[in-house]
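The values are calculated or read from the model by the stated rules, or taken from the named source; none is laboratory data. Bear in mind that the values here come from a model prediction, so they are computed numbers and not experimental data. Note that we place each Cβ from the backbone using ideal geometry, even for glycine, and neighbour counts take in every protein chain shown.
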Amino acid sequence: MALSVGDTIPNVRLMTMTGEGLKPVQSGEVLGRGKVVLFAVPGAFTPTCNDHHLPGFVLQADEILAKGVDRIACVAVNDAFVMNAWGSAQGTGDKVLMLSDGNGEFTAAAGLELDGSGFGLGTRSQRYAAILQDGVVEQIFVEPDTGVSVSGADQVLKAL
């Protein structure tokens, strides 16, 4: 069953890159404290994710944070090295925490998998955004197709 309003986010191991190198983190720790905007993409460097979804959150991070958000995080079924390179290429800096769900465990536990095997991508995450408060889903916006019509930074900003 897909993650929905009122659900607590799964608490699984994710990976992120820090100044000291690769670091495992628990989703419950990095996403479960305070108000968090989490968005997920099917893949780093893929056209819609790279050209529209992530850049919107980078450009509007200050406005989102000004609404009382403690953290903005991006998760994808990619390895931490790819997520780090993508964050660097997009200039995320400290604005967006880049989280690797390399084994798809968070995505599977959230029930938000996407079968990208027809495109050679294997199992990925659906595109969505969620507003979390202390790890509980307050609002979630799952895309009905491949575009960014309900889960982009503009839509999240309006919902805050």
Task: Residues (over 15 Å from the mean Cα position of the chain (by Cα) and at pLDDT 95 or above) located in segment 30-54 - done: ARG33, GLY34
TODO: State whether one or more residues within segment 16-24 are in a strand (DSSP E or B), under 22 Å from ARG127 (Cβ atoms) and under 14 Å from the mean Cα position of the chain (by Cα).
DONE: yes
TODO: Filter the helices (runs of 4 or more DSSP H) completely within segment 35-120 down to those with at least 2 residues that are more than 25 Å from PRO10 (Cβ to Cβ).
DONE: 54-59, 61-65, 80-90
Task: Among residues of segment 143-160, those that are over 16 Å from the mean Cα position of the chain (by Cα) and in contact (Cβ under 8 Å) with a residue 12 or more places away in the chain, counted - done: 2
Open item on the list: Filter segment 66-88 down to the residues that are surrounded by fewer than 21 Cβ atoms within 10 Å (Cβ to Cβ), in contact (Cβ under 8 Å) with a residue 24 or more places away in the chain and out of contact with any strand residue (DSSP E or B) (no Cβ under 6 Å at 6 or more places or on another chain) and list them by number.
Closed with: LYS67, PHE81, VAL82, ALA85
Task: Enumeration of residues in segment 121-143 that are in a loop (DSSP other than H, G, I, E, B), modelled with pLDDT of 95 or more and at negative phi - done: GLN126, ARG127, GLU143
Open item on the list: Within segment 100-112, does at least one residue satisfy the condition of being under 19 Å from HIS52 (Cα atoms), touching a residue at least 40 places away in the same chain (Cβ under 8 Å) and surrounded by fewer than 20 Cβ atoms within 10 Å (Cβ to Cβ)?
Closed with: no
